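Shown next, in structure tokens, is the structure this report addresses.
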Amino acid sequence: MSQIFAGDGRVVPVTLIRALANTVLEIKTGDRDGYQAVQVGAGERKAKRIRKSQAGHFRGLGSFRFVREFRSSDTPAVGDKISVSVFEEEDAVKVSGVSKAKGFQGVVKRHGFHGAPATHGTKHAHREPGSIGGGGGRAGGRVVKGMRMAGRMGGERVTVRNLKIAKVDAENNLLAVSGAVPGRRGTLLEIRG
């Protein structure tokens with residue numbers, strides 16, 4: 001993350017995103033495929049690491065590391081390039097990516113439980129979840145599905161909505177998005193208008 005100065009002198013926290021140029025690989029149509037979408041490829045990969053079926057699909061447009069589809073009613077031509085210049089300042093966008101993986105975590109970090117009080121006889125149980133409801137209650141002596149417990153945290157697809165684009169640098173393929181986006185440095189992000 002970084003920060004920039006807005007026109008009125010305010011400091012705006014931004015995330016700098018290096019946006020790869022996307023190449024249109026295929027246009028999905030409602031008649032042929034049952035839905036409308038645009039398939040794009042981005043990034044580079046060594047030609048020897050491309051499977052023959054992928055190379056045939058890419059039709060000599062390049063060797064792409066990432067291939068994604070986006071539902072769209074627009075119909076660009078196969079081979080067209082989509083760059084950061086399609087965005088303008090103050091546009092609201094959705095940013096999706098895989099969040100940081102944090103491994104196996106307890107209920108305090110994972111779900112925000114408060115834990116037990118530090119005094120009044122609490123011994124060795126400060127960060128435990130407490131009762132999970134068993135016995136002859138509604139659950140009938142079993143653990144109800146969806147019970148919030150300790151477990152693996154993060155590492156899942158997250159979408160952050162209504163982020164504003166603070167600045168577009170088309171020469172260097174950079175986007176400055178106000179606020180935080182999912183993932184760590186190097187995470188592949190999908191930015192949709």
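The values are calculated or read from the model by the stated rules, or taken from the named source; none is laboratory data. Since the structure is predicted, the reported quantities are computational estimates derived from the model, not experimental observations. Positions of Cβ are backbone-derived with ideal geometry, glycine not excepted, and every protein chain shown enters the neighbour counts.
For segment 161-192, the candidate set comprises residues that are among the small types (G, A, S) and closer than 13 Å to S99 by Cβ; within that set, the residue that is surrounded by the fewest Cβ atoms within 10 Å (Cβ to Cβ) is A180. Residues that are closer than 28 Å to V177 by Cα, surrounded by 14 or more Cβ atoms within 10 Å (Cβ to Cβ) and not polar (S, T, N, Q) within segment 86-108 comprise F87, D91, V93, V95, G97, V98, listed in sequence order. As a summary of the residue check, A6 satisfies the conditions (1) within 20 Å of V93 (Cα to Cα); (2) hydrophobic (A, V, I, L, M, F, W, C); (3) in contact with a Pro (Cβ under 6 Å, 6 or more places away or on another chain) except for the one numbered (3). Each residue in segment 109-129 was checked for being within 26 Å of R152 (Cα to Cα) and surrounded by 11 or more Cβ atoms within 10 Å (Cβ to Cβ), and 11 of them qualify.
Taking the criterion of being farther than 24 Å from A176 by Cβ, touching a residue at least 40 places away in the same chain (Cβ under 8 Å) and out of contact with any Phe, Trp or Tyr (no Cβ under 9 Å at 6 or more places or on another chain), the residues of segment 1-42 that qualify are V24, E26, I27.
Yes/no matrix, rows are residues, columns are (1) over 24 Å from E69 (Cα atoms); (2) modelled with pLDDT under 95; (3) not assigned by TED's automatic domain parsing to the domain that holds F70:
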residue	(1), (2), (3)
K145	yes, yes, yes
A150	yes, no, yes
A170	no, yes, no
V177	no, no, no
V181	no, no, no
G186	no, yes, no
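Of all the residues in segment 43-75, those that are at pLDDT below 90, surrounded by 13 or more Cβ atoms within 10 Å (Cβ to Cβ) and under 22 Å from D31 (Cβ atoms) number 1.
Could you list, in sequence order, the residues of segment 14-37 that are outside any loop (DSSP other than H, G, I, E, B) and more than 22 Å from F64 (Cα to Cα)? V14, T15, L16, G30, D31, R32, D33 - these are the residues of segment 14-37 that are outside any loop (DSSP other than H, G, I, E, B) and more than 22 Å from F64 (Cα to Cα). Number of residues in segment 76-123 that are β-branched (V, I, T), modelled with pLDDT under 95 and part of a strand (DSSP E or B) equals 1.
Can you confirm whether K81 is at negative phi, charged (D, E, K, R), in the same structural domain as D169 (by TED's automatic domain parsing) and touching a residue at least 12 places away in the same chain (Cβ under 8 Å)? Yes: the conditions hold for K81.
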